[in-house]
Amino acid sequence: MKSNNWDVLISSAHIQEGIRKLGAELTQIYTGRRIVVIPLLRGGFMFAADLVRNMDVDLQIEFLGAASYGEQTRSSGEVRLTLDTTLPLSGRDVLLVEDIVDTGLTLAYIQQLIKSRNPASLRTVVLLDKKARRQVDVDIYGCVFSIPDRFVFGYGLDSHGGFGRNLPDIVALKD
Ligand code: 5GP
């Protein structure tokens, strides 16, 4: 797919290199433990698929789906759960995998939800962090890339109407 209204912000090769490093670090942390990895859908599916293939750890996969009410490019902070986990999380080591943290409102809501189920531990990893736009403090264990305040899509993230998720690179709309 080619377009003249976006630029490649992070190439596929660069994404894979960052994920390999994070996967190795998580392997060290979780070695000898059986963990539950929870990709947050929809945006986190591609990152999670690559991340778990770089983790040499016994793990199960569960999914949480979240959508925030609001405009296409800005979240309102009011989160709607679109899919819930099926395994009990009580007493489990949970790794939450999210595509992007912007205001932090979605992640704060989801972390609270998981904590209410009494996991033994909860760590959150995000692929992209738009630090400049943070409204609430969220506990993030690992972030692969910090990015400027631009609307991005590709590599699991959508542009409009759910399209664009299959681009291998992360691209940013031109201003
Ligand atoms: P937050 O609640 O932290 O403001 O927003 C998190 C959610 O907003 C992400 O899970 C994602 O769905 C969406 N989001 C925030 N910034 C972007 C962006 O630049 N591109 C896309 N596609 N989604 C974004």
Item to complete: Run the quick spin-label model on Ser116 and Ser12: label points 7 Å from Cα toward the beta carbon, then report their separation in nm to one decimal.
Response: 4.0 nm
Practice prompt. List nothing, just return the count: lysine pairs in the stretch 1-151, 8 or more apart or interchain, with Cα separation under 26 Å.
Written response: 5
Discussion item. Restricting to Cα atoms and excluding each atom paired with itself, what does the Kirkwood estimate give for the chain in Å?
Written reply: 16.4 Å
Worksheet item: Can you give the charge dipole size of the stretch 78-175 about its Cα centre, rounded to the nearest 20 debye, using +1 on the beta carbon of Lys and Arg and -1 on the beta carbon of Asp and Glu?
Response: 120 debye
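Quick note: the coordinates plus some simple rules give every number you see, no bench work behind them. For clarity, every value in this text was computed on a predicted model and none was experimentally measured. Ideal geometry is used to build each Cβ from the backbone, glycine not excepted, and the neighbour counts take in all protein chains shown.
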